[in-house]
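Reading through the structure tokens given below for one structure.
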Amino acid sequence: MDLQLHTLSSNGTTIIAVAGEVELHSAAQLRAELLQACDKERPCIVIDLSGVNFMDSSGIGVIVGALKRARERGGTLSLVGPQPRVRRIFEITGLLSALPFFETVDDAVTACAANTSEVTAQDDQDSPEANGRPNP
């Protein structure tokens with residue numbers, strides 16, 4: 001089965017619905033989509049894996065790389081609804097505890113928005129103006 005990607009934005013969050021098989025030959029397609037999503041300040045990315053029926057180490061590598069890139073830019077990456085077979089891969093690799101998993105896209109979007117609000121509030125507290133110093 002070919003890889004199918006559908007990307008949309010909701011409340012500042014990029015949602016990528018993935019369907020089919022994420023393997024050596026299709027991983028580059030997912031990587032390109034994730035790189036584009038990570039190309040903004042504080043990216044909030046939700047990957048809906050509910051339509052993925054197979055994933056190999058190439059797919060895992062793409063997701064881990066995107067997670068790293070999103071975090072480097074002050075953002076987050078969350079996964080939603082992997083089928084048991086795909087979820088098992090994350091369990092075996094130990095990534096189940098390293099990545100935020102959610103049951104629904106709405107839950108992941110809500111968590112992402114909350115995380116962005118916390119980071120923005122922290123940045124506001126760290127600003128020179130908030131500390132009584134003029135902005136240079």
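Selection of first residues in segment 81-106 that are farther than 20 Å from ASN11 by Cα and of second residues that are at pLDDT below 90, restricted to Cβ pairs under 6 Å at least 6 apart or on distinct chains, gives the following pairs, ordered by first then second residue: PHE90/LEU96. Of GLY20, GLY94, GLY51, GLY65, all but one fail to be modelled with pLDDT of 95 or more, closer than 24 Å to ASN115 by Cα and of a type in the set (Gly, Ala, Ser); the exception is GLY65. Residues that are without any contact (Cβ under 8 Å) to a residue 40 or more places away in the chain and hydroxyl-bearing (Ser, Thr, Tyr) were ranked within segment 1-52; the one that is farthest from VAL109 (Cα to Cα) is SER26.
The values are calculated or read from the model by the stated rules, or taken from the named source; none is laboratory data. Since the structure is predicted, the reported quantities are computational estimates derived from the model, not experimental observations. Glycine gets a Cβ as well: all are built from the backbone with ideal geometry, and neighbour counts include every protein chain shown.
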